[in-house]
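Here is the structure we will look at, set down as structure tokens.
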Amino acid sequence: MSASLNPAAPAAFPICENPAEQFLRSDRMPSIWCPGCGIGTTVNCFARALIKTGIDPKKVVIVSGIGCTGRVAGYMHLDSFHTTHGRAIPFATGLKLANPGLTVVVYSGDGDLASIGGNHLIHAARRNIDLKVVCVNNLTYSMTGGQAAATTPRDAITATSPYGAYEPPLNLPHLVAAAGASYVSRWTTYHVVQTMKAMERMLTRRGFSFLEVISPCPTLFQRRNRLGDGLDTMKSYKELGATRHNANLADLDMTMGGEIVIGNFVERDRPDYLEAMQAHLRAQLQEQYVDPYEHAEAESALELGELSCG
Amino acid sequence: MAKGSVIVRPERCKGCAFCVEFCPPRVLALSPAFNAKGYHVPELADPEKCTGCDLCGMYCPDFAIHGFRFPKPAPTAG
Ligand SMILES: Cc1ncc(C[n+]2csc(CCOP(=O)(O)OP(=O)(O)O)c2C)c(N)n1
Ligand code: SF4
Ligand code: SF4
Ligand code: SF4
Ligand SMILES: [Mg+2]
């Protein structure tokens, strides 16, 4: 059924294998994720999106920061980088500018991308750097014990808000759209097909693309807030998820027990960072302009052939 | 006749029951038996109704199950 599409996968890849398997470092399974954690579900969507796009996995790079979600890079059988906390986007920016032929995916948690790394997120969106950012938002810093994050809704009980959080949370789609992102969507881990399709879209379009996936952390966030286990949370997403593709982005705040507005909110074309740089410098310098990539692309194609992942 | 089936890797399963709950024809159930880590693993309770849609595979956070479709039988002559 699932013929191997990943040249990096073992040659005699068994038929009837889980389609995600070719993109996993199987020797590292089972994962460290808790029972009912939503992160693995998003990875399944991502693997299936990779297959649907038919993209050459050798040209896909995945970059994570630190956190439970930050583990994703280490579990994927792709060229992957597990960077320092909050710095996945700067690292990915460097990769993309050094080798624009790569499809660079940033896969990390809400804390990593929007709290400690929030400034990088804003500026990558502003510059429209061609990155595909998947933010698994479990509304807390899970890996360190479930502290209140910049995304924690008001009244949520966390390790650092025992009487409930009182700070207003960041509304991530609104933030990145205002900063200039060219693609913005939000789904939950219940909405697997929509999540896969959003990932597929991000992988095939150009410009800064951002997908927020609301996801359960049953061990910390759900338990402290008496929201049941992973399955209870998935069922609540089914109830609370309200698909509104043309929603007013200012109305997308996450609340405790309130509706979760989901959808594909923004899709617009504007020159990405590289296009803007090249066009501007060409116009300014005219025949003096030397495109650094004309030469570099041929070279990096050579190198890619030699560097195998794993 | 069933259109498809599932393959389970019991050693990976953490018993979350996402697959059981979100299977459209609800053909799965958690087995009363335990795997080595002490989790209940899904089994096909109503195999005839499995469509091989692989939605269980998309939901499973632990890559422990996936669905597949049987090849269509070749049309018989006559
Ligand atoms: C510079 C630095 N500060 C703090 C930490 C501790 N730390 C590790 S993971 C993490 C938060 C992760 O939260 P998030 O990105 O939401 O990931 P999750 O675990 O929720 O998936 C923090 C604060 C660190 N590793 N490095
Ligand atoms: S602590 Fe929370 S986010 Fe981390 S693996 Fe467990 S359930 Fe998932
Ligand atoms: S393949 Fe589809 S029908 Fe069969 S068990 Fe999985 S979800 Fe149910
Ligand atoms: S979804 Fe996966 S981990 Fe959860 S019960 Fe089913 S097979 Fe086990
Ligand atoms: Mg988090």
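Okay, here's what the table says:
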| item | result |
| --- | --- |
| Signed unit charges on C-beta, dipole axis of segment A:164-272, positive-most listed residue A:A250, A:Q194, A:F265 | A:Q194 |
| Extension reserve of the A:A250-A:R282 stretch, reckoned as 0.36 nm per residue once the Cα distance is removed | 7.7 nm |
| Most mobile of A:E259, A:E200, A:E287 in a GNM of chain A (Cα contacts under 10 Å) | A:E287 |
| Rounded if a/c under 1.5, otherwise prolate or oblate - segment A:14-131, Cα gyration tensor axes | oblate |
| Largest-first ordering by accessible area, 1.4 Å probe, given options A:V176, B:V20 | B:V20, A:V176 |
| Span from the segment B:25-68 Cα centroid across to the segment A:79-141 one, whole angstrom | 34 |
| Dipole magnitude (debye, nearest 20) for the protein assembly as shown, charges at Cβ of Lys, Arg, Asp, Glu | 680 |
| Rounded if a/c under 1.5, otherwise prolate or oblate - chain A, Cα gyration tensor axes | oblate |
| Gaussian network model of chain A, Cα within-10 Å springs - most flexible of A:A125, A:A156, A:A283 | A:A283 |
| Positive-pole candidate from A:V136, A:A148, A:G74, dipole of chain A, charges at beta carbon | A:A148 |
| Amide proton proximity set for A:T243, modelled H, under 5 Å, gap of 5+ | A:I262 |
| Long-range HN-HN contacts of B:D46 with modeled amide H, under 5 Å | none |
| Averaged over A:47-55, number of beta-carbon atoms from partner chains that fall within 10 Å | 1 |
| Choice from A:N246, A:N119, A:N138 showing the highest fluctuation, given a GNM over chain A with Cα pairs closer than 10 Å | A:N246 |
| Solvent exposure, largest accessible area first (probe 1.4 Å, DNA, RNA and ligands not counted), of A:Y183, A:Y289, B:Y39 | B:Y39, A:Y289, A:Y183 |
| Taking N as its residue count, the alpha carbon Rg of segment B:4-69 over 2.2 N^0.38 Å | 0.97 |
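The values are calculated or read from the model by the stated rules, or taken from the named source; none is laboratory data. This structure is a prediction, so every number in the text was calculated from the model and none was measured. Positions of Cβ are generated from backbone atoms using ideal geometry, with glycine treated the same way; all protein chains shown enter the neighbour counts. Just the protein is used for accessible areas: all its heavy atoms, side chains included, with ligands, DNA and RNA removed. Shrake-Rupley method; radii C 1.70, N 1.55, O 1.52, S 1.80 Å.
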